[in-house]
Number of protein chains: 2
Amino acid sequence: MQSPGASDPELVGRFSVLLEQLVRRLRTVYAAGQISQSAASTLARLRDEGPLRITDLAHAEGVSQPAMTQLVARLEGEGLLARRVPEGDRRSVLVDVSAAGRDVLEARRAQRVEFLQDLLAGLDRSDWAAIAAALPALERLVASEPNSSRQSAHRKEP
Amino acid sequence: MQSPGASDPELVGRFSVLLEQLVRRLRTVYAAGQISQSAASTLARLRDEGPLRITDLAHAEGVSQPAMTQLVARLEGEGLLARRVPEGDRRSVLVDVSAAGRDVLEARRAQRVEFLQDLLAGLDRSDWAAIAAALPALERLVASEPNSSRQSAHRKEP
DNA sequence: GATCGACACATAAGTGCCTTATGTCATAAT
DNA sequence: ATTATGACATAAGGCACTTATGTGTCGATC
């Protein structure tokens, strides 16, 4: 029994509740009218991994190809990304994040940081110390999924 | 300077990245075709807080009243909740989760637990210990928002 | 080179899930 | 009785998905 987590259903249950609550909270961080979670996730991937074809993007983001085609069209219309046809394969489209897209991602990160600082402001020192101590473990947790091979270890939001 | 979090931008930044990654991960837990995050959140609130009026529900969930009217109509059509007009106020509609709705929430919880056990299976004992030690602090963090007065301390997903 | 199959994306049609604006009925206040 | 307020329903539009289908390009086979 290598992992205590698998043998401690009560803690797993509490963690499960905590994740759901975090998700519900994060939904309120970004002001209305901003880019969607799907758009942000897609732009972030392009920024981190470089230009990708539409079908690869769709697969990586877990949506259908037509959904990604539409999202790319919308984001191109907003100047947040650019499309081009690669040399040697006129069937494909390569998509890359634009400078404006990078700016949007940076603004989102700043909003998250502000939200967290607000939230952390009411936390006492020992609680924050426990969270800070768990950060490396949580980062390893998030990085440990089998399909995390798509996410290189150096990937991070600035 | 009560909270070390507010003075440690690098850790806050790492936490911010972690949250975004968790959100992106959780998006893949639930199989396609299941109820949306909004539907789940709404049903969970009804289960935990009892019958609510549509406008109160909309406000609590952070959406507009017409959006909630439509969601309630859809969920009623699927048998996941029930509507009734309360005594003494024929303008209102009271909404309550159904037994089928409770079953759906329980199935979601089981899926999250399974996902977490999968994820935790690759984590070593000291990492899990650090996460387990941080759980109370994280729970307090999530419960600490000013509008958390709507969430009672005893509220938890079974 | 010609033909067929596979690949890649675009388009169509439909649903879910939001938004603001507006309409209708019920209740409370004057 | 009249007016103001409250509560929800409906309309119209946009975003974000889905499956199904269409069109063009590339690769494999003969």
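Within segment B:42-76, the residues that satisfy the criterion of being open to solvent by 70 Å² or more (accessible area, probe 1.4 Å) and within 13 Å of DNA strand D (Cβ to nearest atom) are B:Arg53, B:Thr55, B:His59, B:Gln65, B:Gln70, B:Arg74, B:Glu76. The set of residues from segment B:112-158 being modelled with pLDDT under 80 and not in a helix (DSSP H, G or I) comprises B:Ser144, B:Glu145, B:Gln151, B:Ser152, B:Ala153, B:His154, B:Arg155, B:Lys156, B:Glu157, B:Pro158. Can you confirm whether segment B:96-105 contains a residue that is more than 20 Å from B:Leu19 (Cα to Cα), touching a Pro at 6+ places or on another chain (Cβ under 8 Å) and modelled with pLDDT of 90 or more? Among the residues of segment B:96-105, at least one is more than 20 Å from B:Leu19 (Cα to Cα), touching a Pro at 6+ places or on another chain (Cβ under 8 Å) and modelled with pLDDT of 90 or more, which makes the answer yes. The single condition from (1) in contact with a Leu (Cβ under 8 Å, 6 or more places away or on another chain); (2) farther than 30 Å from A:Ser126 by Cβ; (3) at pLDDT below 90 that B:Glu87 fails is (1). Scanning segment B:77-110 for residues that are within 14 Å of chain A (Cβ to nearest Cβ) and surrounded by fewer than 15 Cβ atoms within 10 Å (Cβ to Cβ) turns up B:Glu106, B:Ala107, B:Ala110.
Going by what's in this entry, would A:Arg108 be described as more than 22 Å from B:Arg24 (Cα to Cα) and in contact with a helix residue (DSSP H, G or I) (Cβ under 9 Å, 6 or more places away or on another chain)? Spelling it out, it is not the case that A:Arg108 is more than 22 Å from B:Arg24 (Cα to Cα) and in contact with a helix residue (DSSP H, G or I) (Cβ under 9 Å, 6 or more places away or on another chain).
When restricted to residues that are more than 9 Å from DNA strand C (Cβ to nearest atom) and free of Cβ contacts under 8 Å to residues at least 12 places away in the same chain, segment A:60-73 contains 1. Among residues of segment B:26-41 being away from DNA strand C (no atom under 12 Å from the Cβ) and open to solvent by 20 Å² or more (accessible area, probe 1.4 Å), the one that is farthest from the other protein chains (Cβ to nearest Cβ) is B:Ala31. Which residues, counting only those in segment A:74-119, are near DNA strand C (Cβ under 9 Å from one of its atoms) and of a type in the set (Ser, Thr, Tyr)? Passing the criteria: only A:Ser92.
The values are calculated or read from the model by the stated rules, or taken from the named source; none is laboratory data. Being a predicted model, the structure only gives us computed values, none of them experimental. Backbone-built Cβ (ideal geometry, glycine too); neighbour counts: all protein chains shown. Areas reflect the complete protein model, heavy atoms only, side chains present, ligands, DNA and RNA absent. Shrake-Rupley method; radii C 1.70, N 1.55, O 1.52, S 1.80 Å.
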